[in-house]
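I have placed the structure first, in the form of structure tokens, so that the comments after it can refer back to it.
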Amino acid sequence: MEAIMKSLRCLDKILLGALKTITITCFVFLTLLITANVFVRFFPIVSLHWFDEIIELLYAYLVFYGAAALWINREHLCVGDWISGRLIKSNRAISCYKLMLEVIGLMFTVIFFYYSTRLTSLALDVTNAFGIPKKILYSCMSVSGAIMVAYSIRNCVGEIMRIAKPKAE
């Protein structure tokens with residue numbers, strides 16, 4: 001069992017590293033392209049007719065893969081942190097409350113994953129300048145949704161385990 005857990009922690013680190021790398025790379029390219037666009041407006045030496053579709057792709061990947069990275073580490077905004085520590089004193093009750101929030105988050109991610117996968121599969125058009133299939137643009141939503149569903153399930157299981165065996169009061 002310990003070998004499986006060690007492998008899962010290693011997989012977590014690899015996945016999180018990949019998501020962070022994608023997010024940072026997209027941010028760097030967005031910064032460079034926006035700077036280039038501002039420069040070209042003052043000094044029109046080249047046409048950036050393809051600018052919008054690349055910005056759209058980079059921004060979508062940045063947002064959705066960044067959200068998945070936050071979801072893995074539980075660094076996304078959560079109401080439970082400030083309510084559970086102040087209003088609820090029992091460790092088991094805190095875990096029950098957090099489980100309720102995790103189940104709500106799981107329901108959101110399942111719905112998000114379903115509709116983003118549906119959107120991706122139904123997309124038939126391509127971008128204007130490069131002819132990139134819109135499926136490539138939309139795929140980041142399905143992939144990040146699947147990651148968030150998996151980690152929501154992990155978080156729910158963790159809260160159930162804390163309810164079964166709470167820390168000493």
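Points to keep in mind about this one:
- Residue list for the stretch 15-49, filter: loosely packed, with under 10 Cβ neighbours inside 10 Å and either of a type in the set (Lys, Arg) or under 28 Å from the mean Cα position of the chain (by Cα) (or both): Arg41
- Filter pass, Asn155 being under 30 Å from His49 (Cβ atoms) and in contact with a helix residue (DSSP H, G or I) (Cβ under 9 Å, 6 or more places away or on another chain): no
- Some residue of the stretch 121-131 being surrounded by 16 or more Cβ atoms within 10 Å (Cβ to Cβ) and either modelled with pLDDT under 95 or in a loop (DSSP other than H, G, I, E, B) (or both): yes
- Counting only residues that are outside any helix (DSSP H, G or I) and of a type in the set (Ser, Thr, Tyr), the stretch 1-41 holds 0 of them.
- In the stretch 139-169, of all residues being in contact (Cβ under 8 Å) with a residue 12 or more places away in the chain and basic (Lys, Arg), the one that is surrounded by the fewest Cβ atoms within 10 Å (Cβ to Cβ) corresponds to Lys167.
The values are calculated or read from the model by the stated rules, or taken from the named source; none is laboratory data. From a predicted model like this one, the values you see are computed outputs, not experimental measurements. Using ideal geometry, Cβ is built from the backbone for each residue, glycine included, and neighbour counts are taken over all protein chains shown.
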